[in-house]
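Here the structure is laid out as structure tokens; the discussion comes afterwards.
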Amino acid sequence: MRDRTTLDYVKPSAEERGRLREDFDFNDLNHDGRLTLGEFIRFMRSLDEDLTAEQCQIGFDEIDTNRDGVIEFEEFVAWSLGK
């Protein structure tokens, strides 16, 4: 068995991307391919009901790396995998 390289961690498997796509699509309530702040808050509170809107906003801003006001799937993948 070979050691895992950095590339193994950078690119998720097809199975992992599929699971992330399901999570993303489930939380994309209007099915426009992007998570709005409201959709993100709903998603995060489904994971931890004690999160405040302010905490969610901070997380949203960190994930929205291109600063267009929405979370796109690739941003969601990067965040989910801790990148």
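All of the numbers you see were taken from the coordinates with simple rules; none came from a lab. What you are looking at is a predicted structure, and each value in this text was computed from that prediction instead of being measured. Cβ placement follows ideal geometry from the backbone for every residue including glycine, while neighbour counts extend to all protein chains displayed.
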* Using 0.36 nm per residue of separation minus the Cα-Cα distance, give me the extension gain between residue 27 and residue 45 in nm, one decimal. => 5.3 nm
* Evaluate the relative contact order of the chain (contact order divided by residue number), counting alpha-carbon pairs under 8 angstrom at least 6 apart; express in whole percent. => 29 percent
* What FRET efficiency comes out for the pair residue 61/residue 15, r = Cβ-Cβ distance, R0 = 22 Å, nearest 0.05? -> 0.15
